[in-house]
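Working notes, beginning with the structure itself.
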Amino acid sequence: MSENLNNENKKVIFSGIQPSGDLTLGNYLGALKNWVKLQDDYTCYFCVVDMHAITVRQTPADLRRRTLELLSIYIASGISPEKNTLFIQSHVPAHAECCWLLTCNTYMGELSRMTQYKDKSKKYGDSIGVGLFNYPSLMAADILLYNTDLVPVGKDQTQHLELTRDIATRFNSSYSPTFKIPEGYIPKIGAKIMSLQEPLKKMSKSSDNPNSYILIMDPPAVIKKKISRAVTDSLGLINYTDDQPGVKNLLNILSAIKGTPPEELVLYYAGKGYSDLKADAADSIISELSPIQDKVQELLKDKSYLESIYREGAVKASHVANNTLRKMQKKIGMIPR
Ligand code: AMP
Ligand code: TRP
């Protein structure tokens, strides 16, 4: 059984981020920071999902640079390459093979209902790539190959996770029990960091307005400027309410970084103004990100160290993934090689 290939009977975590753009504070607070907290209690696979990134056109040189930068950000954020398996998706061919087997067990209707696909098809019209349509089957392959128990992601991925569970359940009942049905792990605070300019929309690296997001690699002066320009409202009161989405977002950011509940922050800011809140938010972001930025720069200078991490990661990941893949092929009726 492939479960036995995972360490120490710990439960298994799988998660990934696409190297498709510069990472934002949303990626950090919604995903990465939580991975760091979970790494001691689970057997973790953290993947740089480059095959997902190419569902939209990538410039080859940028993809190469961002893939290594993302791996460096994982490590610099505190994800230990010794404790966890860190790897690049395209280095483990079982992901593409498993994706095909799952694609044949996924319905057009299911994929057409995915909001991420619907949003993107508005942008690309008829020339939308088939890869974008099938994106969730590849994500299901990522997760299911490792007998994953828990998938820590931001809120925007819940629909893809639901579909993963549906595909796994269908495969288990069409053939025989093969996959664990994974659960999502969505953080209480930080699951959806909003745009600094349009606080009803998610903070996204694909936005056209750089003032709407903070990048993990933004220098302190830029972070201060972006936070000072963040859209709030004219009420002048610091409350944690949907009626004040800009203020709520700043409180969420502060809360996710400091670990203080937003309600407690509201008490602290009683009688204070938006400029105090903004100054504190900027300072806390800077002190959280600065050490990570320094470490990323250091890691990027040591390509052979990074190479040793992703090579070893691919070997470890392939071992578990190939085992699951062979099991699937056998159940489907393919002749063992
Ligand atoms: P992506 O950049 O789409 O590959 O997303 C990588 C991870 O970051 C996923 O777990 C997302 O759910 C999470 N994420 C992306 N944007 C945000 C955001 N604005 N707030 C919280 N989490 C986010
Ligand atoms: N679709 C995820 C995102 O955009 C990235 C991803 C790909 C992922 N495969 C995964 C996340 C497997 C968790 C598990 O955020």
- Total residues in the stretch 24-48, condition more than 7 Å from ligand 1 (Cβ to nearest atom) and either of a type outside the set (Phe, Trp, Tyr) or in a strand (DSSP E or B) (or both): 16
- Among the residues of the stretch 142-164, is any more than 26 Å from ASN84 (Cα to Cα) and basic (Lys, Arg)? no
- Tell me, which residue of the stretch 145-160 that is under 21 Å from VAL92 (Cα atoms) and aliphatic (A, V, I, L, M) is farthest from ligand 1 (Cβ to nearest atom)? LEU145
- Among the residues of the stretch 191-206, which ones are open to solvent by 40 Å² or more (accessible area, probe 1.4 Å) and of a type in the set (S, T, N, Q)? GLN197, SER206
- Item | Flag for GLY125 being within 15 Å of ligand 2 (Cβ to nearest atom) and not in a loop (DSSP other than H, G, I, E, B) | no
- Message: Condition first: more than 8 Å from ligand 2 (Cβ to nearest atom) and out of contact with any strand residue (DSSP E or B) (no Cβ under 6 Å at 6 or more places or on another chain). Now tell me which residues in the stretch 14-23 satisfy that.
- Response: SER20, GLY21, LEU23
- Query: Filter the stretch 161-190 for residues that are touching a strand residue (DSSP E or B) at 6+ places or on another chain (Cβ under 9 Å), within 22 Å of LYS201 (Cα to Cα) and open to solvent by less than 20 Å² (accessible area, probe 1.4 Å); which is nearest to ligand 1 (Cβ to nearest atom)?
  - Reply: PRO187
- When you look at GLY30, is it open to solvent by less than 10 Å² (accessible area, probe 1.4 Å), under 30 Å from LYS224 (Cα atoms) and among the small types (Gly, Ala, Ser), yes or no? yes
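Being buried (at least 21 other Cβ atoms within 10 Å of the Cβ), outside any helix (DSSP H, G or I) and within 13 Å of ligand 1 (Cβ to nearest atom): is that true of PHE87 here? Quick ask: steps written out before the conclusion?
Details: buried (at least 21 other Cβ atoms within 10 Å of the Cβ): yes; outside any helix (DSSP H, G or I): yes; within 13 Å of ligand 1 (Cβ to nearest atom): no.
For PHE87, the condition - buried (at least 21 other Cβ atoms within 10 Å of the Cβ), outside any helix (DSSP H, G or I) and within 13 Å of ligand 1 (Cβ to nearest atom) - is not met.
The values are calculated or read from the model by the stated rules, or taken from the named source; none is laboratory data. Quick caveat: nothing in here was measured; it's all calculated off a predicted structure. Methodologically, a virtual Cβ is constructed for each residue, glycine included, from the backbone with ideal geometry; neighbour enumeration extends over all protein chains shown. The area values use the complete protein model at the heavy-atom level, side chains included, leaving out ligands, DNA and RNA. Shrake-Rupley method; radii C 1.70, N 1.55, O 1.52, S 1.80 Å.
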